[in-house]
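FYI, it's all coordinate maths here, none of it is from the lab. Bear in mind the structure is a predicted one, so any value in this text is a computation, not a measurement. Because the Cβ atoms are built from the backbone with ideal geometry, glycine has one as well, and the counts that use them run over all protein chains shown.
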């Protein structure tokens with residue numbers, strides 16, 4: 001259920017929401033289903049933003065972000081009569097009730113979270129997660145941020161044991177095990193690094209409430225025999241390609257690793273490749289080449305200066 005009634009928003013509030021989502025949050029026009037020209041007109045107030053566009057915008061924003069942009073934080077003091085009005089309104093109005101709990105979590109979060117089995121994700125939580133991901137590679141960071149963005153949209157920025165378990169099962173059915181696995185891994189990391197740091201007990205409950213789906217890779221290519229490798233080698237006509245294939249076969253290095261080698265990393269005289277790679281997923285320091293391979297590589301690379 002929506003936290004706000006879009007029909008009651010002013011045009012200025014809609015523009016603020018739209019501008020914040022596209023400029024601050026990085027939501028693309030394509031994700032909102034509009035063209036760049038339409039997006040420019042919406043920001044300039046030259047055309048009213050359709051309800052369906054605002055609905056998509058709200059899916060990508062945390063509840064506290066929505067409240068801050070639309071309502072702001074009231075600073076005037078309230079008395080007991082104001083409190084009773086709020087409670088009575090929350091009892092009768094589900095949308096107002098959702099907004100009330102969201103605001104309570106935003107400004108009295110420590111008190112609310114200690115007494116609930118669910119966690120409402122805030123803008124600060126997402127910023128902390130993004131900061132934690134800075135130590136990862138760009139590809140990993142972008143992938144994690146993309147998955148957490150879609151997870152928050154689908155879960156309504158609220159994490160509970162029931163909703164997390166049902167969500168992963170739904171992803172398995174609707175989008176397949178690969179998407180479900182990546183989304184589950186991202187949620188696990190978010191809960192471990194962010195939620196658990198703010199509420200350790202609830203973080204542990206949420207972390208253990210769902211499992212990461214296992215992907216069954218049905219096809220596993222068999223390893224090539226030495227005879228097949230020799231036949232492939234003989235069929236390659238270009239000397240450079242032949243050398244490249246031979247280095248791959250002997251060292252076990254990845255294609256990109258061989259392509260990125262510098263002259264200083266390759267010691268043909270002693271038959272050593274100094275990769276010296278240390279990343280989050282792979283550690284490789286040196287690899288060796290046969291004497292014949294070194295001689296062939298030297299003849300191809302340095303025709304006027306063969307090995308002694």
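Summary table below
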| read-out | value |
| --- | --- |
| Acute angle (nearest 10 degrees) that the helix 161-174 long axis makes with the longest principal axis of the chain, alpha-carbon atoms | 50 degrees |
| Equivalent ellipsoid, segment 6-107 (semi-axes from 5 times Cα gyration tensor eigenvalues, Å) | 30, 13, 13 |
| Gaussian network model of the chain, springs between alpha carbon atoms under 10 Å - residue of 184, 298, 196 with greatest fluctuation | 298 |
| On Cα atoms only, tilt of 177-190 relative to the major axis of the chain in degrees | 70 degrees |
| Rough spin-label spacing in nm, given labels placed 7 Å along Cα→Cβ, for residue 193 and residue 227 | 5.0 nm |
| Shape of segment 119-207, Cα gyration tensor, a/c cut at 1.5 | oblate |
| Difference of contour (0.36 nm per residue) and Cα-Cα distance, residue 259 to residue 276 | 4.7 nm |
| Which of 182, 290 has the fewest Cβ neighbours within 10 Å, and the rest in rising order | 290, 182 |
| Cα principal axis extents for segment 226-301, largest first, Å | 37, 26, 18 |
| C-alpha long axis of helix 94-107 to longest principal axis of the chain, angle in ° | 60 degrees |
| Theoretical ellipticity at 222 nm over the chain - DSSP helices of four or more residues, -39500 (n - 2.57) apiece, nearest 500 | -16500 deg cm²/dmol |
| From the coordinates shown, Rg/Rh (Cα atoms, Kirkwood Rh) corresponds to which of (1) 1.16; (2) 0.94; (3) 0.98 | (1) |
| Pairwise centroid distance, computed over Cα atoms, of segment 218-270 with segment 1-56, Å | 53 Å |
| Residues listed by number, segment 143-177, amide nitrogen under 14 Å from residue 69 label point at 7 Å toward C-beta | 153 |
| Pairwise FRET efficiency - residue 16 versus residue 36, Cβ, R0 = 25 Å, nearest 0.05 | 0.80 |
